[in-house]
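To start, the structure under review is shown below, and the notes come after it.
The values are calculated or read from the model by the stated rules, or taken from the named source; none is laboratory data. It should be emphasised that the depicted structure is a prediction, and the values quoted were computed from it without experimental measurement. Methodologically, a virtual Cβ is constructed for each residue, glycine included, from the backbone with ideal geometry; neighbour enumeration extends over all protein chains shown.
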Amino acid sequence: MFISRTGWSQKNFPSGCLMPVWNYRTGFESRLSVKYDFRNDFDQEMSMNKVIGFILVCAILFSGCAEKKPSFTLVDRTAGETPASAQAPDVAEPTSATTVAPAESTTAEQTSASPVQPKHEPDVIFVPTPQDVVDKMLELAQVTKDDVVYDLGCGDGRIVVTAAKRYGCKAIGFDVDPQRIKESKENVEKNGVGDLVRIEQEDVFTLDLSKASVVTLYLLPRLNVKLIPQLEKLKPGSRIVSHDFRMKGVAPEKTVTLTSEEDQAEHKIFLWTAPIQKGKKEDSPAQ
């Protein structure tokens, strides 16, 4: 086989034999010598050295691919450790600082961002007490700076905030709704009474009320009755004030009727003093 200045020679390729042909558009081809016109596809001269060099390069590349081992290794994860051979040499293994720490940070951010889930659904729909009714409730309870006020179902925290600002006493608001807890804490911060007021997400029917000297309520009558066992543990002289709703079976000592300037509606405030007495005859309404 040889290359002439005009193209490939056929004298060493019998008729019907496959022979290598270089096509400058498609690369190396094999064609039958009997049907192929070599001069038509050659636009430039090629030397034997270039052909031999091309063949050698192809042979070297082919042999290198055939001998190359796969870059992965099956790992038995039950063994507890990953063999060193399974690690790719050109890829850095992630450290705990780049994997664990961000995961913990993300978890912490999600926890702080998302509200605490309620222990159970609220027993009543939140309806804010008008501010002038709040003032009258605390006045009727005769709150002083030495009192500890518990507001059961604190809503937006207006009762405990008012008690702290007006009387300088300590106060704790309890609610089961995370949205109400958020609003109450914002109200405490806005009014600068964080040193006196605390807001807690708790089920009011599981609380120990023995440390309170004033308890404020805005619950339904059946829920007030449910609180009686806890209210019976109040220290003597502690006061209980309820907005609009009585406590069945326990007659109030005083009842105040007030028309609010905020909603122009009539509101009633009921007062009891510990120890509460079941079946006591109701006193005449206070003005």
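Remarks
- Members of the stretch 181-227 that are within 18 Å of ALA141 (Cα to Cα), loosely packed, with under 15 Cβ neighbours inside 10 Å and in contact with a strand residue (DSSP E or B) (Cβ under 7 Å, 6 or more places away or on another chain): LYS211
- Some residue of the stretch 170-180 being in the same structural domain as LEU227 (by TED's automatic domain parsing), of a type in the set (S, T, N, Q), surrounded by 16 or more Cβ atoms within 10 Å (Cβ to Cβ) and not in a strand (DSSP E or B): no
- Remark: ASP203 falls outside the filter, which requires a residue to be farther than 22 Å from LEU231 by Cα and in the same structural domain as GLN230 (by TED's automatic domain parsing).
- Number of positions in the stretch 107-152 that are at pLDDT 95 or above, within 19 Å of VAL176 (Cβ to Cβ) and not β-branched (Val, Ile, Thr): 3
- Within the stretch 264-277, residues that are touching a residue at least 24 places away in the same chain (Cβ under 8 Å) and farther than 16 Å from GLN230 by Cβ reach partners that are small (Gly, Ala, Ser) and part of a strand (DSSP E or B) with beta carbons closer than 6 Å, at six or more positions or on different chains, in the pairs PHE270/SER242.
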